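One structure is given below, encoded as structure tokens.
The values are calculated or read from the model by the stated rules, or taken from the named source; none is laboratory data. Everything numeric here is computed off the predicted structure, so don't read it as measured data. Here the Cβ positions follow ideal geometry from the backbone for every residue, glycine too, while neighbour counts run over all protein chains shown.
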């Protein structure tokens, strides 16, 4: 199957888009009318440019408001069509895509539309071309693919076929059952787009919120399985209208688009020749690596000690430390001339890498390469061995660590005598809260889904005193690995301020799970570690909402513990103060509760925003 992308998906002009599309791996391209109109050269130059990059033009589109028009508008439409077909041929393309009419002058009726499509087919055939008819979800009379197929069927012309677009089908909640009855050779073009489920008008939804397969919530695999039954063997093309894509990095967006089609095909029945290496579900977070430099290292080490971590190993060849508690492993990297040092230079003290534990590393590396996530080993600057990694969040790394013996701690580190007895206040990493621009959120959704089969919770808007924050949680089925992704367009939100403070996307906090948050909170207090303090009004509200007794409320307030509960259980959480205004640690105690304390987000954001102001 030929993978293609519409030029409307990408930012820039065609001189930028065409090389990026070819570099990403596509072999097909849809030329969009506006892009062609803006090109500062003749159509034959575009044809040469496309061919020189190893691409073929699968369609020129769109041709609008054609069928159902009265005279003299019908004759004018035929003349417009003739000129469009001439341009289509000049571009080296054999297919013109026709959208169902939205013209207020268009009359309805399947028979009339079929007659008009047959006439258009004659014009196309005269030039050795074809036309593909698409039902727009907001079409005046034709807005259902079942009607557009009936029009094509009745037109009964070899040069007239059907265009299926997943967004137009799913946005109207149209059943997919009829697709299986359409002969594959009568489908000339298939366009796929994903999208979040939103309660807005269809046109706005389409024009601003489409996204690549794997980034939204539409059942695209079901569509592809239905399509496979038809025997369709034509292009599979992306047509995505998205504000972030049209303003983002053209090469990065094109690369995400290509891997999204590889991922979609890998999930589709009857696509075994293109099957991806099997997903290796992460079993746990193997370690978290921090880029830290003196003098912050001493203060950070003191914070880890107060949380119950002990330094258990020193790297044999590098200025890298291993800190441990229960099953949690933290790495402090302050090696000169290293990737971590470069990360520190750009972002300050920060999480520079996250490592996921998998059963077998080799299939993960194979799958990464199939999805065009280049894998490398060790520190990309200095090492040619070690644990494989891919580019993860922003400029951070995502490592893959196998479960085989010996462990990396035995292989690469010398054990050191801890200065304190290892504690067991914390059991595991509960989740990561990550702040990022929305375009990067879409990128991470695709990565976590396509690489690890992680599941997405429903997108929610979290209230921040400075505006709304979009929150999307990605987690493994067993909750062993969980990423809470946050993005906001509002300048005054904590998310946007942390983006500026960190000079890019980054981990906002690492959340540790405990079975006794009260004891740990007292230990932090006794060690002089400051935690996020809440207002008296917050605790008064807690007492009113949940009926907690006064002694319990007083203890929560004294220790800075936040509280929530729902039908599934209770949730307690506390936050350390922001380290250098960039990130913090969260400690959570879950008693059946599966959420993330969304009700506490406004007060937490307000207090952390005040912290940032004091840092500045």
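Regarding residue 401, is this residue modelled with pLDDT of 90 or more, crowded, with 21+ Cβ neighbours inside 10 Å and closer than 26 Å to residue 256 by Cβ?
Details: modelled with pLDDT of 90 or more: yes; crowded, with 21+ Cβ neighbours inside 10 Å: yes; closer than 26 Å to residue 256 by Cβ: yes.
Yes.
Check off (1) in contact with a strand residue (DSSP E or B) (Cβ under 7 Å, 6 or more places away or on another chain); (2) at pLDDT below 95 for residue 594 and give me the number that stays unchecked.
Going through the list (1) in contact with a strand residue (DSSP E or B) (Cβ under 7 Å, 6 or more places away or on another chain); (2) at pLDDT below 95, residue 594 breaks only (1).
Looking only at the stretch 459-469, which residues are more than 13 Å from the chain's Cα centre (by Cα) and in contact (Cβ under 8 Å) with a residue 24 or more places away in the chain?
Of all residues in the stretch 459-469, those more than 13 Å from the chain's Cα centre (by Cα) come to 460-469.
Result: 460, 462, 463, 464, 465, 466, 467, 468, 469.
Just wondering, is there one or more residues in the stretch 274-292 that are under 26 Å from residue 530 (Cβ atoms), out of contact with any strand residue (DSSP E or B) (no Cβ under 9 Å at 6 or more places or on another chain) and outside the structural domain of residue 577 (by TED's automatic domain parsing)?
For the stretch 274-292, residues under 26 Å from residue 530 (Cβ atoms), out of contact with any strand residue (DSSP E or B) (no Cβ under 9 Å at 6 or more places or on another chain) and outside the structural domain of residue 577 (by TED's automatic domain parsing): absent.
What number of residues within the stretch 322-348 are touching a helix residue (DSSP H, G or I) at 6+ places or on another chain (Cβ under 6 Å) and either over 26 Å from residue 417 (Cα atoms) or assigned to a helix (DSSP H, G or I) (or both)?
Number satisfying all stated conditions: 1.
Step by step: first the residues of the stretch 525-549, then only those that are in contact (Cβ under 8 Å) with a residue 40 or more places away in the chain and in contact with a strand residue (DSSP E or B) (Cβ under 6 Å, 6 or more places away or on another chain), then the one that is surrounded by the most Cβ atoms within 10 Å (Cβ to Cβ). Which residue is that?
Checked the stretch 525-549; the qualifying residue surrounded by the most Cβ atoms within 10 Å (Cβ to Cβ) is 532.
So is residue 506 under 36 Å from the mean Cα position of the chain (by Cα), surrounded by 13 or more Cβ atoms within 10 Å (Cβ to Cβ) and either closer than 23 Å to residue 303 by Cβ or touching a residue at least 60 places away in the same chain (Cβ under 8 Å) (or both) or not? Don't jump to the end; show me each part of the working.
On the way: under 36 Å from the mean Cα position of the chain (by Cα): yes; surrounded by 13 or more Cβ atoms within 10 Å (Cβ to Cβ): yes; either closer than 23 Å to residue 303 by Cβ or touching a residue at least 60 places away in the same chain (Cβ under 8 Å) (or both): yes.
The answer is yes for residue 506.
Would you point out which residue out of 166, 174 is surrounded by 15 or more Cβ atoms within 10 Å (Cβ to Cβ), more than 17 Å from residue 237 (Cα to Cα) and either within 29 Å of the chain's Cα centre (by Cα) or at pLDDT 95 or above (or both)?
On the way: 166 fails: more than 17 Å from residue 237 (Cα to Cα).
Sole residue among the options that is surrounded by 15 or more Cβ atoms within 10 Å (Cβ to Cβ), more than 17 Å from residue 237 (Cα to Cα) and either within 29 Å of the chain's Cα centre (by Cα) or at pLDDT 95 or above (or both): 174.
Could you tell me whether residue 552 is over 30 Å from residue 287 (Cα atoms), in contact with a strand residue (DSSP E or B) (Cβ under 8 Å, 6 or more places away or on another chain) and surrounded by fewer than 22 Cβ atoms within 10 Å (Cβ to Cβ)? I'd like the intermediate steps shown before the answer.
Details: over 30 Å from residue 287 (Cα atoms): yes; in contact with a strand residue (DSSP E or B) (Cβ under 8 Å, 6 or more places away or on another chain): no; surrounded by fewer than 22 Cβ atoms within 10 Å (Cβ to Cβ): yes.
Here the answer is no, as residue 552 does not meet what is asked.
If you go through the stretch 565-594, how many residues are surrounded by 15 or more Cβ atoms within 10 Å (Cβ to Cβ) and within 19 Å of residue 426 (Cα to Cα)?
16
Is at least one residue of the stretch 380-388 within 25 Å of the chain's Cα centre (by Cα), crowded, with 17+ Cβ neighbours inside 10 Å, part of a loop (DSSP other than H, G, I, E, B) and not assigned by TED's automatic domain parsing to the domain that holds residue 575? Please lay out each step first, then the result.
Going residue by residue through the stretch 380-388, those that are within 25 Å of the chain's Cα centre (by Cα) are 380, 387-388.
If we keep only those that are crowded, with 17+ Cβ neighbours inside 10 Å too, we end up with 387-388.
Now narrow it down to the ones that are part of a loop (DSSP other than H, G, I, E, B): 387.
Remaining after also requiring not assigned by TED's automatic domain parsing to the domain that holds residue 575: 387.
Checked the stretch 380-388: at least one residue is within 25 Å of the chain's Cα centre (by Cα), crowded, with 17+ Cβ neighbours inside 10 Å, part of a loop (DSSP other than H, G, I, E, B) and not assigned by TED's automatic domain parsing to the domain that holds residue 575.
If you take just the helices (runs of 4 or more DSSP H) that sit entirely in the stretch 30-118, which of them hold at least 2 residues that are touching a residue at least 12 places away in the same chain (Cβ under 8 Å), more than 30 Å from residue 3 (Cβ to Cβ) and assigned by TED's automatic domain parsing to the domain that holds residue 136?
Numbers: elements: 33-38, 43-52, 73-90.
Per the criteria, 73-90.
Mind checking which residues of the stretch 268-290 are assigned to a loop (DSSP other than H, G, I, E, B), buried (at least 20 other Cβ atoms within 10 Å of the Cβ) and modelled with pLDDT of 85 or more? Talk me through it step by step, then tell me what you get.
Step one: filter the stretch 268-290 for residues assigned to a loop (DSSP other than H, G, I, E, B), giving 268-271, 275-283.
Subsequent filtering for residues that are buried (at least 20 other Cβ atoms within 10 Å of the Cβ) retains 268, 280, 282.
Of everything in the stretch 268-290, those that are assigned to a loop (DSSP other than H, G, I, E, B), buried (at least 20 other Cβ atoms within 10 Å of the Cβ) and modelled with pLDDT of 85 or more turn out to be 280, 282.
Just the residues that are crowded, with 22+ Cβ neighbours inside 10 Å and within 26 Å of residue 81 (Cα to Cα), please, taken from the stretch 183-199.
Selection gives 187, 188, 189, 190, 191, 192.
Residue under question is residue 560, and the condition is that it be surrounded by 13 or more Cβ atoms within 10 Å (Cβ to Cβ) and either in the same structural domain as residue 301 (by TED's automatic domain parsing) or on the phi > 0 side of the Ramachandran plot (or both); does it hold?
On the way: surrounded by 13 or more Cβ atoms within 10 Å (Cβ to Cβ): yes; either in the same structural domain as residue 301 (by TED's automatic domain parsing) or on the phi > 0 side of the Ramachandran plot (or both): yes.
Here the answer is yes, as residue 560 does meet what is asked.
Select from the stretch 581-610 the residues that are farther than 23 Å from residue 517 by Cα and touching a residue at least 60 places away in the same chain (Cβ under 8 Å) and list them in ascending order. Spell out how you get there, then give the answer.
Taking the stretch 581-610 as the starting set, the residues that turn out to be farther than 23 Å from residue 517 by Cα are 581-582, 609-610.
Once the filter is applied, which keeps residues that are farther than 23 Å from residue 517 by Cα and touching a residue at least 60 places away in the same chain (Cβ under 8 Å), the stretch 581-610 yields 581, 582, 609.
Considering only residues that are at pLDDT 95 or above and assigned to a loop (DSSP other than H, G, I, E, B), which ones fall in the stretch 547-574?
560, 561
Filter the stretch 450-465 down to residues that are farther than 23 Å from residue 593 by Cβ and touching a helix residue (DSSP H, G or I) at 6+ places or on another chain (Cβ under 7 Å) and give me whichever is surrounded by the most Cβ atoms within 10 Å (Cβ to Cβ). Write out each step before concluding.
Step one: list which residues in the stretch 450-465 are farther than 23 Å from residue 593 by Cβ, which gives 450-453, 465.
Right, trim to touching a helix residue (DSSP H, G or I) at 6+ places or on another chain (Cβ under 7 Å) and you get 450-451, 465.
Numbers: 450: 27, 451: 23, 465: 15.
Filtering first and then ranking leaves 450.
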